[in-house]
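Visitor: Structure incoming, see below.
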Amino acid sequence: MNESAIHSQRDVESGATSITVELPSNLKRKRKNRTRGRGRGKKANTKQPETPEIESKPESRVTTAENENEAQEHQQDSLESLSLPILPDFDFKEEQLSWSSESIPKRLQKYWRQRHSLFSRFDDGIKLDEEGWYSVTPEKVAIHCASRCKALCAKPEYSPKELVIIDAFCGVGGNSIQFALAGFKVVSFDIDPLKLTCAKHNAELYGALENITFIRGDFLQLACVTKGDIVFLSPPWGGPEYLSHDIFDIKEMMPIDGEKLFHAASQISKNIMYYMPRNSNLEQLTNLAGLGNICEIEEVYLNNRAKVLIAYFGSLAIEE
Ligand code: MGP
Ligand code: SAH
């Protein structure tokens, strides 16, 4: 069990934040007091950020300024040697990816109503498939994720290096687009060619294509040949039914074992951002940090409603 965790709340509309430092046992207690299941958590009173009194060791960098070029070449070589399709080559059917108020099925109408919150440029012709509708990271949350990475760049040990973000499950591109617009180089994986087709199209709409390399493949298999400075993990949670569980077991309830996934990502970097259900088992999440390391768990609110949990590891865990 790790020694401590930072628990924070962030409203991505107003920017309001509250931060507390807690032991895992307190996190467990807090869990019991939170709105559960399908209930809609209301934002707690927020206060000004406090500097948590935590001793932290700066993480050693994955790639140093000296070996950066070598590392990037190595990544290219490693991925190319696998003969992976770097760009999607899937011949999709237009009607699967473009929607209107007439064509949207009843089960997706809740997401349709949120379309401009998912993508502010939705009306310019955003494409997404059914899984994309319920999985995409809302734009303001994606902007927030990118800003946390920016905070990392400001740390002396990472500046002025051009950081590479690995978006391990890019879906229709919600996060990749905002990482790229924030100026990062992004390597975006997805196993589904349809998602990559959408992501590439959407990135083009946002003028973000230039900074993104799309790779079709299974991230779990490719992690060992991938290089980067930050890994963003937003895996499939098994559909919108994730809220039917009181506590979401990150090891047992996702299509991909959440602990195994974290360890695969750790091969690339200690700087991991884990985008998880708001009913996730907090103890499981904090324990991923390992003995003596800090993890920050942030409850993210949008329009006064709890949306997701984001767990930060490595140097991402302490925002300055
Ligand atoms: P939600 O609970 O399905 O929607 O997803 P919402 O609007 O909060 O519904 P409400 O009725 O509970 O208010 C909340 C957020 O979780 C979405 O905006 C997605 O970003 C994210 N999300 C949902 N699912 C099912 C997944 C998933 O499988 N994978 C990932 N990476 N994100 C998901
Ligand atoms: N953050 C994304 C949503 C990710 S949803 C966005 O904003 O759009 C999860 C994605 O993981 C889905 O697109 C799914 O196709 C992909 N996926 C599932 N298993 C995978 C694997 N083993 N490797 C890479 N991608 C995978």
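The values are calculated or read from the model by the stated rules, or taken from the named source; none is laboratory data. No experiment lies behind these values; they were computed from the predicted model shown. FYI the Cβ positions are ideal-geometry reconstructions off the backbone, even for glycines, and counts take in every protein chain you see. Calculation scope for accessible area: heavy atoms of the full protein, side chains included, ligands and nucleic acids excluded. Shrake-Rupley method; radii C 1.70, N 1.55, O 1.52, S 1.80 Å.
Visitor: Please state which one of PRO138, PRO88 is modelled with pLDDT under 85 and of a type outside the set (Ser, Thr, Tyr). Show your work before the answer.
Guide: Working: PRO138 fails: modelled with pLDDT under 85.
The conditions single out PRO88.
Visitor: If I filter segment 277-287 for residues that are in contact with a Pro (Cβ under 9 Å, 6 or more places away or on another chain), closer than 20 Å to ALA142 by Cβ and among the basic types (Lys, Arg), do I get at least one hit? Explain how you work it out, then say what you get.
Guide: We begin by selecting, within segment 277-287, every residue in contact with a Pro (Cβ under 9 Å, 6 or more places away or on another chain); these are 282-283, 286-287.
The next check asks that each one be closer than 20 Å to ALA142 by Cβ; those that pass are none.
No.
Visitor: Output the number of the condition that LYS150 fails; it satisfies all remaining conditions of (1) modelled with pLDDT of 95 or more; (2) farther than 16 Å from GLY207 by Cβ.
Guide: Answer for LYS150: the failing condition is (1).
Visitor: Now, a different point. On the basis of being in contact with an Asp or Glu (Cβ under 9 Å, 6 or more places away or on another chain) and at pLDDT below 95, does GLY258 make the cut? Break it down into steps so the answer makes sense when it comes.
Guide: On the way: in contact with an Asp or Glu (Cβ under 9 Å, 6 or more places away or on another chain): yes; at pLDDT below 95: no.
No.
Visitor: Let me ask something additional. Of the residues that sit in segment 164-193 and are within 21 Å of PRO138 (Cβ to Cβ) and part of a helix (DSSP H, G or I), which one is nearest to ligand 2 (Cβ to nearest atom)?
Guide: Looking at the filtered set, the residue picked out is GLY174.
Visitor: Still on this structure, please answer the following. Where the second residue is open to solvent by 50 Å² or more (accessible area, probe 1.4 Å) and the first is in contact (Cβ under 8 Å) with a residue 24 or more places away in the chain and lies in segment 97-110, which pairs have Cβ atoms under 7 Å and are six or more apart or on separate chains?
Guide: Once the first residue is in contact (Cβ under 8 Å) with a residue 24 or more places away in the chain and sits in segment 97-110, its partners that are open to solvent by 50 Å² or more (accessible area, probe 1.4 Å) give LEU108/GLU130.
Visitor: When segment 276-307 is examined, which residues are found to be open to solvent by 10 Å² or more (accessible area, probe 1.4 Å), within 16 Å of ligand 2 (Cβ to nearest atom) and not in a loop (DSSP other than H, G, I, E, B)?
Guide: LYS307
Visitor: Could you figure out which of (1) in contact with a Leu (Cβ under 7 Å, 6 or more places away or on another chain); (2) part of a helix (DSSP H, G or I); (3) within 25 Å of ARG10 (Cα to Cα) isn't true of ALA264?
Guide: Answer for ALA264: the failing condition is (3).
Visitor: Shifting gears a bit: Take ALA199 and decide whether it is part of a helix (DSSP H, G or I), crowded, with 23+ Cβ neighbours inside 10 Å and within 15 Å of ligand 1 (Cβ to nearest atom).
Guide: Working: part of a helix (DSSP H, G or I): yes; crowded, with 23+ Cβ neighbours inside 10 Å: yes; within 15 Å of ligand 1 (Cβ to nearest atom): yes.
Here the answer is yes, as ALA199 does meet what is asked.
Visitor: If the requirement is being loosely packed, with under 11 Cβ neighbours inside 10 Å, assigned to a loop (DSSP other than H, G, I, E, B) and not basic (Lys, Arg), which of these qualifies: SER120, SER103, SER98? Reasoning before the result, please.
Guide: Working: SER120 fails: loosely packed, with under 11 Cβ neighbours inside 10 Å; SER98 fails: loosely packed, with under 11 Cβ neighbours inside 10 Å.
On inspection, the qualifying residue turns out to be SER103.
Visitor: Can you confirm whether segment 130-147 contains a residue that is open to solvent by less than 10 Å² (accessible area, probe 1.4 Å), over 22 Å from the mean Cα position of the chain (by Cα) and over 20 Å from ARG216 (Cα atoms)?
Guide: No.
Visitor: For the list (1) of a type outside the set (D, E, K, R); (2) out of contact with any Leu (no Cβ under 6 Å at 6 or more places or on another chain); (3) closer than 17 Å to ASP167 by Cα; (4) within 11 Å of ligand 2 (Cβ to nearest atom), I need the number of the one condition that MET254 fails.
Guide: Of everything listed in (1) of a type outside the set (D, E, K, R); (2) out of contact with any Leu (no Cβ under 6 Å at 6 or more places or on another chain); (3) closer than 17 Å to ASP167 by Cα; (4) within 11 Å of ligand 2 (Cβ to nearest atom), MET254 misses just condition (3).
Visitor: Being under 23 Å from CYS153 (Cα atoms), open to solvent by less than 20 Å² (accessible area, probe 1.4 Å) and within 16 Å of ligand 1 (Cβ to nearest atom), is that true of even one residue in segment 249-266?
Guide: At the first step, the residues of segment 249-266 found to be under 23 Å from CYS153 (Cα atoms) are 262, 265-266.
Still in the list and also open to solvent by less than 20 Å² (accessible area, probe 1.4 Å): 262, 265.
Checking the rest, the ones that are also within 16 Å of ligand 1 (Cβ to nearest atom) come to 262, 265.
Within segment 249-266 (the criterion being under 23 Å from CYS153 (Cα atoms), open to solvent by less than 20 Å² (accessible area, probe 1.4 Å) and within 16 Å of ligand 1 (Cβ to nearest atom)), the answer is yes, since at least one residue qualifies.
Visitor: Then there is this: Specify the residue that is farthest from PHE313 (Cα to Cα); the eligible residues are those in segment 218-248 that are more than 12 Å from ligand 1 (Cβ to nearest atom) and surrounded by fewer than 16 Cβ atoms within 10 Å (Cβ to Cβ).
Guide: ASP246
Visitor: Now for a separate question. Given the conditions (1) within 16 Å of ligand 1 (Cβ to nearest atom); (2) open to solvent by 10 Å² or more (accessible area, probe 1.4 Å); (3) in a helix (DSSP H, G or I), and given that ALA151 satisfies all but one, which numbered condition is not satisfied?
Guide: ALA151 satisfies every listed condition except (1).
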